[in-house]
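First up is the structure itself, then whatever we jot down about it.
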């Protein structure tokens, strides 16, 4: 098995109010893997994302691309872990799209020619060629989402972590984003409630609830497990519910719980 490019071991975090939001999260992601992270609101998914990047001081161990996250290594970790936030406006703050996309590479100390090359490469990857001079606030929601992704791609991170990437997108923008993500070679961590997108893009799904990992396995089994999903505040993806889900291995049992199913997702907790 490939060495993990992301490793979380017993990650814990408590809000200043005393509420524990991460309660020993442990899982790893291999280079090139595409992993969906799902769960109900309040499960700790977005908090975990911030902890992975060193924006929150969590307990336990977080390893990114061979770097153990500490206060001293946070900057190196963020060069390998690219975050795309749910609100694209959080990442678009310059007067022109080209300035936003160039900002990250420029802060890395790259020469202007290399910065320009990365900007062109990133904008091309997200289908925004010719948008260099556009003002971000004049872009559509879908265009903003792709521009925000370009700002991260220009840094050439090993891991892309996206929080609710399909939120507020219309069907055409959502399909375009799915095609874009499916064509990337980066390791992906996709956080969200769009289970159909995760089913299509990610081979593996991790389910969180109440700050813990409660299941981890192949997406087509985890996301077909009606009992598991409903127990943790989720529903079958629409693409599966519309056709009654995949053929059940035994009458009356969801696929991952059917007797004799040796490939069922690993439940934890």
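Using alpha carbon centroids, what distance separates segment 35-69 and segment 223-240, in Å? Taking the Cα centre of segment 223-240 as reference, the centre of segment 35-69 is 24 Å away.
Between residue 12 and residue 26, the contour length at 0.36 nm per residue exceeds the alpha carbon distance by 4.1 nm. Note on segment 126-194: Cα-only Rg and Dmax are 11.9, 33 Å.
Would you mind telling me the antiparallel percentage of the DSSP bridges in the chain, rounded to 5? The answer is about 60 percent antiparallel. Which option, (1) 19.1, 63; (2) 35.2, 131; (3) 25.6, 79, is the value of Rg and Dmax of the Cα atoms in Å that was calculated from these coordinates? The calculated read-out lines up with (1). Taking the longest Cα principal axis of the chain as reference, the axis of helix 171-182 is set at about 90 degrees.
The sum of -39500 (n - 2.57) across all DSSP H runs of n ≥ 4, divided by the residue count of the chain, sets its helix-only mean residue ellipticity at 222 nm to -9000 deg cm²/dmol. Roughly what angle does helix 112-125 make with the longest principal axis of the chain, taking Cα atoms, 0 to 90 degrees, to the nearest 10? Long axis of 112-125 versus the principal axis of the chain: about 40 degrees.
Relative to the dominant Cα principal axis of the chain, helix 97-107 is inclined by about 90°.
Every read-out reported here was derived from the displayed coordinates using simple, explicitly stated rules and does not represent laboratory data. The shown structure was predicted, so the numbers you read here are calculated from the model rather than taken from an experiment.
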